Amino acid sequence: MFRVPGIALRGVVALAGIVALAATLPSDVSAQKRMKKSEPTLIYVPTPQNVVDKMLEVAKVTKDDYVFDLGSGDGRIPITAAARYGARGFGVDINPKLIAEARRNAKIAGVSDRVEFRQQDLFKTSVRDATVVGLYLFVWANEKLRPRLISELRPGSRIVAHDFPIGDDWKPDLEEDIENRTVYLWYVPAQVAGRWEISGGPPGLSVLLQQRFQMIEGTASVNGRSVPLTNARLRGDAIEFTVAFDGEKPMLFRGRVNGGKIEPEAPVGAMTGWSAVRTSPATVPAVIRSRG
Ligand SMILES: C[S@@+](CC[C@H](N)C(=O)[O-])C[C@H]1O[C@@H](n2cnc3c(N)ncnc32)[C@H](O)[C@@H]1O
């Protein structure tokens, strides 16, 4: 049963509609098992409300977010995001009955002004405006969506999935179990592969970064000396790495990636007064190329 906790849903008729829909569906558990085994069709199985709540919680949804659900069913993910957090929401589904259902549910929850549902193919839906994308689809569908998610979403946007990851090679940033379900979270990484010249630090310092999704590693060079970076991390557009030449004080660089530039963020202990410019980017976006 779809209920946004703490929010009274009015309208017995709509509620009865949801009950009727649920009655035509296999139980969640058996449907899940079939979905995981071999069923290739993206059938309608709703995410239990407590799992929806967990998805939005791990994605840290706020009123500033625009939450998309690709294959939105009865609309519970965008509706809950709007009702609980004041976010805007958008859902697409191929099934016109579910779109009608979702619109009714949005009305009942009092969020029709902030949530929109459209009958359209999720594989042809732009996610450019989303800051959070919800997925409860098979792995094959998530993988098919992946190039679009990576190329269209802004760095730092979150993708939150119920039970099915986005392929084996893009490890989630967070994974939480809730009552035999799994919630996965990914931050869309900035594309940072390439050579970066750092000014404002030791003269002539450059850094060469390799990237595989959010995993980065690299080398720092200055005056012909090179060392591997230590503690290199990327989350969305937030990057940090430490440069430690033998016998010298380690230098922690922490900053934000903005296209071909990195601007410093300098909490205690980090370098100040530097910036970086990418001088030779990877020709193909590294996070996409890293599939092969
Ligand atoms: C497993 S359900 C998830 C429903 C909802 N997101 C939730 O978590 O409660 C998958 C949904 O994808 C929809 N769907 C399947 N193929 C689609 C397509 N090509 N375009 C849009 N929606 C599709 C189905 O109608 C179904 O509602």
**Asked** Can you tell me which residues in the stretch 226-246 are within 23 Å of Asp173 (Cβ to Cβ), in contact (Cβ under 8 Å) with a residue 24 or more places away in the chain and in a strand (DSSP E or B)?
**Response** Leu234, Arg235, Ala238, Ile239, Glu240, Phe241
**Asked** Within the stretch 150-170, is even one residue part of a strand (DSSP E or B) and acidic (Asp, Glu)?
**Response** no
**Request:** Working only within the stretch 68-91, note down all residues that are closer than 14 Å to Asp113 by Cα, of a type outside the set (Gly, Ala, Ser) and within 15 Å of the ligand (Cβ to nearest atom).
**Result:** Pro78, Ile79, Thr80, Phe90
**Number of positions in the stretch 63-84 that are closer than 22 Å to Glu175 by Cβ and either of a type outside the set (Val, Ile, Thr) or in contact with a Phe, Trp or Tyr (Cβ under 7 Å, 6 or more places away or on another chain) (or both)** = 7
**Asked** Yes or no: Val192 part of a loop (DSSP other than H, G, I, E, B) and at pLDDT 95 or above?
**Response** yes
**Asked** Within the stretch 122-130, is even one residue more than 15 Å from the ligand (Cβ to nearest atom), in the same structural domain as Val67 (by TED's automatic domain parsing), within 19 Å of Tyr66 (Cα to Cα) and open to solvent by 50 Å² or more (accessible area, probe 1.4 Å)?
**Response** yes
**Request:** Please indicate, with yes or no, whether at least one residue in the stretch 56-66 is among the aromatic types (Phe, Trp, Tyr), open to solvent by 10 Å² or more (accessible area, probe 1.4 Å) and near the ligand (Cβ under 10 Å from one of its atoms).
**Result:** no
**Request:** Spot the failing condition for Pro203; the list is (1) assigned to a loop (DSSP other than H, G, I, E, B); (2) within 26 Å of the chain's Cα centre (by Cα), and only one is missed.
**Result:** (2)
**Prompt:** Filter the stretch 142-157 for residues that are more than 15 Å from Asp168 (Cα to Cα) and open to solvent by less than 50 Å² (accessible area, probe 1.4 Å); which is farthest from the chain's Cα centre (by Cα)?
**Reply:** Glu152
**Fill in**
Pairing a residue in the stretch 184-205 that is of a type in the set (Lys, Arg) with any residue that is open to solvent by 30 Å² or more (accessible area, probe 1.4 Å), where Cβ atoms lie under 9 Å and the two sit 6 or more apart in sequence or on different chains, gives Arg195/Leu208; Arg195/Arg278; Arg195/Thr279; Arg195/Ser280; Arg195/Pro281
**Message:** List the residue pairs whose Cβ atoms are under 6 Å apart, where the first residue sits in the stretch 78-97 and is closer than 16 Å to Arg158 by Cβ, the second is modelled with pLDDT under 95, and the two are 6 or more positions apart or on different chains.
**Reply:** Thr80/Val4
**Prompt:** Do the conditions hold for Ala100, that is, is it at pLDDT 95 or above, assigned by TED's automatic domain parsing to the domain that holds Pro48 and within 15 Å of Gln49 (Cβ to Cβ)?
**Reply:** no
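The values are calculated or read from the model by the stated rules, or taken from the named source; none is laboratory data. Fair warning: this is a prediction, and the values are worked out from it, not measured in the lab. All Cβ positions, even for glycine, are placed from backbone atoms using ideal geometry, and neighbour counts span all protein chains on display. All accessible areas refer to the heavy atoms of the entire protein, side chains included, with ligands and DNA or RNA removed. Shrake-Rupley method; radii C 1.70, N 1.55, O 1.52, S 1.80 Å.
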